[in-house]
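J.: Take this structure, written in structure tokens, and hold onto it; I'll ask about it next.
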Amino acid sequence: MNTPDWKTSACPYDCPDGCALRGRFDGNAVTLQPNPTLPYSTFLCEKGMRWASRATSPARLSSPLVRKEGNLVPVSWEEALDLWAEKIRNGVERHGPLSVMYLSSAGSLYFSKKLLPHVFAALGGYTTKKGNLCSSAGSLGLKETFGEVPVVRPEEMADHSRGVLFWGRNALETHVHVVPVLKAVRDRGGEAAVLEIRSTPTTRSADRWWRIDPGGDWALAAWICRRLLDEGTAVQGWRDRTANPAEFAAAVNSLDCGALLSAAGMTRDGAEEVYSWLLRFSPVTQYPAFGAQRYLHGDGQFRWIGAVAVLLGAFADKGAGLAFSKDEMALFPERLLPAPARTRTLSVSGWPLELDGLEPPVEVLVVSAADPLRQNPASDLVRRAYEKIPFTVCADFALSDTAKASDLVLPITTFLEEEGDWKGSYWHSYLVRSERVLPPRPGTLDETEIYTRLADRLGLSCDLVAMKKEMDRDLMESPLLEALGDGVYRWNEPPCRLDGGRKAQLPTEVPGISRGPEGYLRLVTVHRKEYINGQSWDAPCAAGLPVLSLNPADARRRGVKDGEEVLARNARGGTLSVRVAEDPSLGEGYCILPQGTKGVNLLTDPLVSPGWGAPFAESWIDLYPGKDRPEK
């Protein structure tokens, strides 16, 4: 028997690393390995490797499911698509095209996902969400500071930065392919340092770390700005690269340093250490976390971190910058973007509440690359809203929480069964073109094929399969891309620069930090290395009670002990049984749960931050030992 050829693909995850991989199928099992033609894909993490078992898993869906008499039962593709088209036609006839809502997220970052809304655009418009669960508030703060979310190439950081400061970013669990970049910085005598709310693998591997209170990053950043201006240690020329230097300097001069340190939860000595480190290891790349912007003042957090970066030479001196995220689909062909006549947008975290009384009402909700019943804050309210919608559709490869609650479930192929698609990164500047590793699971379809068949039933001229081929051809012929071989392409992506007419707009106001109900703990949910976006159904850590970490003093005050099962409850009455873990590396007044674990979002609140963000960390809970559990 001939050994099957290796095929090129890319991990679809909402992860900055954007790994290229090679896969092959021997008729029984899939084997995956890294594709080092993309320089940062020298290994695959454990959650990426699990795609090998997922592709052939018995948990895969292989037939459309329709809810009949309360149960999901298998039906043919013809029956499923006919029913879906009928529900859309009925909704549009009664209430117009805005009665159809399309909800997508980052379950897959392949380019073809941007084609799917064409069908709803062809109806005349649709309802959708605005913002995302991960980065909206921080991106707004950076856009208002720099005019864009800055592009920082990892190569520049590796070659020129002498310091990398992670503001809450647990890179060794959530961004592991940055490690060789950190090694390059250290090999040139530099250091990596961390500001964090707890001890993590990243703090333990860092050259130094300092604890900061949740949401206090802006205050430390403002204090550092004050020190840089007072001591005259800001880089020369920062005023020339700033649109409002006098207003910014006046605002900084008016700040009370003691109040700033109190808001940051840092001592004067600790803050002085950070300040001295920034000067000693200049030029520094500031590296804020997605978690750092998950507050109602998340945009303000990033404005002030951006101000520190500018005062230290960001985007003027090589190696000085601010790395956060960027548009991983920036090269998607613009001519193929959907152009609906009108859209109605609801907030990514608040839409379950915004549906109440909405006119025209949503009659059909379609979910793609998302699991809002697991991912969204206030999952109890999400479920309640979801079940009120007359007809709900979910496309997925396994039975997610959202699929289980839907009226129609559509079994889709995984990326390993598709070809001619593209994947970028919101960290590096490489793209990968996918090849098919194994045949599609019988009974499954590529989403572009599903939506094309739906369009045909609706009488719409909308061939997404053909559009995907056009997209593939446009990208393969793009003069912006250099083919490196093995399906990997390099883009000479222009980095952010403050020169010519571009200047930074620095903050002149300080945000406030919200306070929860008296006696409650701020709940901070954090990412884990084992899974992403709530896709934890096959993760080894998924079994058992979620582990809630808190400071031992907070545990004593609440009468709970390490290892004890207790009830966590928020002010809305949402509850979840958790197991206590005392962690002296945490400060007082907050606690930590792993994000995406089943039930965790029963405790979070559906708030909306500037930029249409999801401020998960503005949730507050109390703990009840077994004997003190409140009545439901």
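The values are calculated or read from the model by the stated rules, or taken from the named source; none is laboratory data. Keep in mind it's a predicted model, so treat the numbers as computed, not measured. Quick reminder, even Gly has a Cβ in these numbers, built from the backbone with ideal geometry, and neighbours come from all protein chains shown. All accessible areas refer to the heavy atoms of the entire protein, side chains included, with ligands and DNA or RNA removed. Shrake-Rupley method; radii C 1.70, N 1.55, O 1.52, S 1.80 Å.
J.: Rounded to the nearest 20 debye, what is the charge dipole size of the range 482-632 about its Cα centre when +1 sits on each Lys and Arg Cβ and -1 on each Asp and Glu Cβ?
T.: 260
J.: Name the residue from Thr343, Val547, Thr604 whose Cα lies farthest towards the positive end of the charge dipole of the chain, charges +1 on Cβ of Lys and Arg and -1 on Cβ of Asp and Glu.
T.: Val547
J.: Hey, what number do you get for the chain at 222 nm if only DSSP H runs of n ≥ 4 count, each worth -39500 (n - 2.57), divided across all residues, to the nearest 500?
T.: The helix contribution divided over the chain gives -8000 deg cm²/dmol.
J.: So which trypsin sites (Lys or Arg not before Pro) in the range 367-411 are both in a DSSP loop and have at most 15 other Cβ atoms within 10 Å of their Cβ?
T.: none
J.: For the chain, what does the accessible surface come to per residue with a 1.4 Å probe? Please give it in Å².
T.: 38
J.: So how much slack lies between Glu272 and Lys388, counting 0.36 nm per residue of separation and subtracting their Cα-Cα distance, in nm?
T.: Extra length from Glu272 to Lys388 when fully extended: 36.3 nm.
J.: Let me ask something else. What ³J(HN,Hα) values, in whole Hz, does the Karplus curve 6.51 cos²θ - 1.76 cosθ + 1.60 give for the range 257-267 when θ = phi - 60°, with x put for Gly and Pro?
T.: Going residue by residue, I get 4, x, 5, 5, 5, 5, 5, 7, x, 10, 7 Hz, with x marking Gly and Pro.
J.: Taking R0 as 41 Å, what's the FRET efficiency between Asn2 and Glu173 from their Cβ-Cβ distance, rounded to 0.05?
T.: With a Förster radius of 41 Å, E is 0.55.
J.: Quick one: if you stick a label point 7 Å off each Cα along the C-beta vector at Ala571 and Ala330, how many nm between them?
T.: About 4.1 nm separates the two model spin labels.
J.: Another question, if that's okay. Roll a 1.4 angstrom probe over the protein heavy atoms and tell me the percent of accessible area of the range 1-61 that is carbon or sulfur.
T.: Carbon and sulfur: 52 percent of the exposed surface of the range 1-61.
J.: I've got another one for you. Let me know the shape class of the range 156-240, please: from the alpha-carbon gyration tensor, a ≥ b ≥ c as square roots of the eigenvalues, rounded when a/c is under 1.5, otherwise prolate if a/b is greater than b/c, or oblate.
T.: Oblate, since a/c reaches 1.5 and b/c is not below a/b.
J.: What residues qualify as long-range amide H neighbours of Arg344, i.e. H under 5 Å apart, gap of 5 or more or another chain, H built at 1.01 Å from N?
T.: Hits under the 5 Å cutoff: Tyr126, Thr127, Thr128.
J.: Between Ser205 and Thr56, take the C-beta separation as r, use R0 = 30 Å, and let me know the FRET efficiency to the nearest 0.05.
T.: Between Ser205 and Thr56 the formula returns 0.30.
J.: So, one more: Just checking my list (1) 83, 56, 46; (2) 123, 56, 42; (3) 72, 65, 53 against Cα extents along the principal axes in Å computed from this structure; which label fits?
T.: Checked against the structure: label (3).
J.: Only Lys, Arg, Asp and Glu count, each charged at its Cβ (+1, +1, -1, -1), so figure out the dipole size of the chain about its Cα centre, rounded to 20 debye.
T.: The calculation lands at about 540 debye.
J.: Then there is this: Please list, by residue number, every one of the trypsin sites (Lys or Arg not before Pro) in the range 149-188 that is coil in DSSP and has at most 13 other beta-carbon atoms within 10 Å.
T.: Arg188
J.: Next question. Which percentage, to the nearest 5, of the DSSP beta bridges contained in the range 481-632 is antiparallel?
T.: So the antiparallel bridges in the range 481-632 amount to around 70 percent.
J.: In nanometres, what is the gap between the two model label sites at Glu231 and Ala581, each 7 Å from Cα along Cα-to-Cβ?
T.: Roughly 3.7 nm, to one decimal.
J.: Here's a follow-up. How much FRET efficiency would the formula 1/(1 + (r/R0)^6) give for Arg188 and Glu482, where r is the Cβ-Cβ distance and R0 is 30 Å, rounded to 0.05?
T.: Between Arg188 and Glu482 the formula returns 0.65.
J.: If you don't mind, there's one more thing I want to ask. So what's the gap between the Cα centers of the range 63-129 and the range 456-481, to the nearest angstrom?
T.: 20
J.: While we're on this one: Scanning the chain for GluC sites (Glu not before Pro) in DSSP loops with at most 10 other Cβ atoms within 10 Å, what's the longest stretch left with none?
T.: 70-476
J.: Please turn the phi angles of the range 18-26 into ³J(HN,Hα) values with the Karplus equation 6.51 cos²θ - 1.76 cosθ + 1.60 (θ = phi - 60°), one per residue in order, whole Hz, x for glycine and proline.
T.: With the stated coefficients, the range 18-26 comes to x, 6, 7, 9, 10, x, 8, 10, 9 Hz.
J.: Can you give the charge dipole size of the range 440-520 about its Cα centre, rounded to the nearest 20 debye, using +1 on the beta carbon of Lys and Arg and -1 on the beta carbon of Asp and Glu?
T.: For the range 440-520, the charge dipole is close to 220 debye.
J.: Can you say what percent of the DSSP beta bridges in the chain, counting only those with both residues inside, are antiparallel? Round to 5.
T.: 45
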